[in-house]
Structure formats: structure tokens, C-alpha cells
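> Next up is a structure, given as C-alpha cells.
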Amino acid sequence: MDKVFGRYAIIVRYLTSGGTAFGANIVVLYVLTEYVGVYYLFSVVLAFLFGLIVSFLMMKHWTFQDGSYEEVNRQAAVYFGIALFNLVLNTTLVYLLVEAVHVWYVFSQVMSSLLIAISSFFIYKHLIFVKKF
């Protein structure tokens, strides 16, 4: 991948990892809400947490190609701390879009996720999965 995309390979890997985690998030959100009958905001939280696990594993091992295990506890703690903030932000944005603007909950989740994904890339790259030389 690095040969094909050069210095942009990390962005392609980030988008692929994020897209996979996002897909898992949306599927869980929809299934829990539509088929299990869970209230949409509770589904948002559960789906976000599921996507978070998928995201962390893919970001660490594939996107940022960090195979180290010495730093995994620190990385996970910081990652999940940021994710907790993102979860509150995500749930608030979805709630406001659904209740105040009357946007469909799935589309609200899509818009919220895109906003969070952009800012998260820089945080992950420069704070969590920092290459040690």
C-alpha cells in the first residue's frame, strides 16, 4: 500500500480502518434500534462502543502499524479517554440533530461520525500512536 499511495498511505489506511469501524457502528445501531427495539440513544452508545473496539485494534495494528505491546496500556487508556469525550459529543450531536432538526437517526450518526473522524486522525497520529525512534 505504501508503494501505491506513498506518503498518503496512512490516510488511506485511516479511512479504511475508520470506514470499517463506522460500518460496524451503523450496523449495530440499526439492528439494535430497528430489530431489537432498543431506544435509539442507547443504541448509539452501544454501537459506538462496539465500533470503538474495532477502531482501536485496526488503528493500532494496521493504520499506524504499531505492533508494540509495551505501550498498549497507555495507548488504550488515552484512546478510550478520547473516545469517551467523542461518545458524549457524538450522542449530543445525534440527539440534537434528531430532536431539534428532525434528521433521521442513522443520517445523524453519519454526520456526527464524519466530524469526529476528521479531528480524531490528528489526535491519534500525534498523541496516541506516536512512532518512537
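FYI, it's all coordinate maths here, none of it is from the lab. Computed from a predicted structure; not experimentally measured. Positions of Cβ are backbone-derived with ideal geometry, glycine not excepted, and every protein chain shown enters the neighbour counts.
> Select from the stretch 36-56 the residues that are loosely packed, with under 14 Cβ neighbours inside 10 Å and of a type in the set (A, V, I, L, M, F, W, C) and write down the one among them that is nearest to GLY18 (Cα to Cα).
Looking at residues that are loosely packed, with under 14 Cβ neighbours inside 10 Å and of a type in the set (A, V, I, L, M, F, W, C), I get ILE53.
> Out of the stretch 70-91, which residues are more than 17 Å from LEU127 (Cβ to Cβ) and either in contact with a Ser or Thr (Cβ under 6 Å, 6 or more places away or on another chain) or of a type in the set (Val, Ile, Thr) (or both)?
VAL88, ASN90, THR91
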